[in-house]
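Presented below is the structure to which this report refers.
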Amino acid sequence: MIPLVQKLRHPLLWSVWCWLILGVIRWELTPISRLEASVEDSRNSNAEDQINEKEFSGKRAFAYLEKQCEFGARFPGSAAHQKTQAYLLAELEKFAEEAVLQPFEYRQQNQSIRMNNILARFGGNGGGTMLLAAHWDTRPFADLDPNPANRNTPILGANDGASGVAVLLEVARILKSNPPATPVIIVLFDGEDYGKTVSDMFLGSRYFAQNMGRWSADFGILLDMVGDRDLALPMERYSWNADRQLTEAIWRRAEEIGLPEFQRRLGAAVMDDHLQLIEAGVPTVNIIDFTYPYWHTIEDTPDKCSPHSLEVVGRLVLDIVYRGL
């Protein structure tokens, strides 16, 4: 056996030994520094979650959109429709002071279909009541699909249906943790997209408008197709014609808080659920991006939507809830 000191007299062996010692030191120190960095990252992440707990999260809203789409095409009479109804009611029951179904039947020729609006109540008793609405059903057929073979296929409705509901579920979560001083009602309409003609559409909003009772409101905002990745929101023309002051006040607020997706120009006149409410005496503004190329096609899927778009709309809605107009 050669003594260690004698071994280290050789320059090459000395160099190897030094590198071994440095390697051991590095091996010992690196896990500790990495652990410290990991703990610091975790602390920063937890702090960020706590700070944002009462702020609208596009990421959480997008998860709500994806969850609805996981059930499949949610047209009345389908199993996916029933599963989605149970899920949405359960979510609103977690957040609202009161959440109920408003059942109604639609008769068409020799068949009768059971549908349900989903209603939820939040907030205090001061000031006027604000209604926030969206439709939760999806279209039973992709009648505008470029491929004729797809036109009897039910659509998934990621944007046309799930996006507005997703925003309102995230709004509901925040209203639970930070109750508004004024009353807020959330209504999810069924049967909006059911038929091939206008007479067979907007079924839930029509029923609700005729049977509001204690769920009536002073004004409303309807959210429809608000998840488009390329979001552009001009003032919907029917809304503007019915109540120019209310419509322009909403778009001015969007401008004030820095949301350029809301464009202060007149867009298309879109027949939608808000018309039933307007006719019933509840001024209601439709926030909608009607330039969506996948409307009523089988390509209306989550990849065409964006958490950022949902957050833009959610931020405006919450600003109006808490500060008024």
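Summary of computed values
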| read-out | value |
| --- | --- |
| Some residue of the range 207-224 being assigned by TED's automatic domain parsing to the domain that holds residue 318 and free of Cβ contacts under 8 Å to residues at least 40 places away in the same chain | yes |
| The range 179-199, residues that are within 17 Å of residue 274 (Cβ to Cβ), not aliphatic (A, V, I, L, M) and not in a loop (DSSP other than H, G, I, E, B) | 189 |
| Residue that is within 28 Å of residue 233 (Cα to Cα) and either at pLDDT 95 or above or over 20 Å from the mean Cα position of the chain (by Cα) (or both), where the choices are 89, 156, 101 | 156 |
| Residue within the range 224-241 that is in contact with a strand residue (DSSP E or B) (Cβ under 9 Å, 6 or more places away or on another chain), of a type in the set (Lys, Arg) and crowded, with 17+ Cβ neighbours inside 10 Å present | no |
| Residue in the range 159-181 that is crowded, with 18+ Cβ neighbours inside 10 Å, more than 20 Å from residue 58 (Cβ to Cβ), touching a Gly at 6+ places or on another chain (Cβ under 7 Å) and not basic (Lys, Arg) present | yes |
| Selection within the range 265-309 - within 20 Å of residue 195 (Cα to Cα) and either of a type in the set (Lys, Arg) or part of a helix (DSSP H, G or I) (or both) | 274, 275, 276, 277 |
| Residue in the range 160-178 that is part of a strand (DSSP E or B) and either outside the structural domain of residue 90 (by TED's automatic domain parsing) or within 18 Å of the chain's Cα centre (by Cα) (or both) present | no |
| Selection status of residue 238, farther than 28 Å from residue 264 by Cα and among the aromatic types (Phe, Trp, Tyr) | no |
| Positions within the range 243-264 being aliphatic (A, V, I, L, M) and not in a loop (DSSP other than H, G, I, E, B), in sequence order | 246, 249, 250, 254 |
| Whichever residue in the range 57-90 is assigned to a helix (DSSP H, G or I) and of a type in the set (Ser, Thr, Tyr) and, among such residues, is surrounded by the fewest Cβ atoms within 10 Å (Cβ to Cβ) | 87 |
| Failed condition for residue 195, given (1) of a type in the set (Gly, Ala, Ser); (2) at pLDDT 95 or above; (3) within 30 Å of residue 142 (Cα to Cα) | (2) |
| Residue list for the range 110-140, restricted to those being farther than 30 Å from residue 323 by Cβ and buried (at least 19 other Cβ atoms within 10 Å of the Cβ) | 115, 116, 137, 138, 139, 140 |
| Qualifying residues in the range 85-116 (those that are aromatic (Phe, Trp, Tyr) and in contact (Cβ under 8 Å) with a residue 40 or more places away in the chain) - the one farthest from residue 172 (Cα to Cα) | 106 |
| Of all residues making up the range 260-276, the number that are farther than 13 Å from residue 234 by Cβ and either among the aromatic types (Phe, Trp, Tyr) or buried (at least 17 other Cβ atoms within 10 Å of the Cβ) (or both) | 5 |
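The values are calculated or read from the model by the stated rules, or taken from the named source; none is laboratory data. Worth saying up front: this structure is predicted, and the values here are computed from it rather than measured. As a convention, Cβ positions derive from the backbone with ideal geometry for all residues, glycine included, and neighbour counts pool all protein chains shown.
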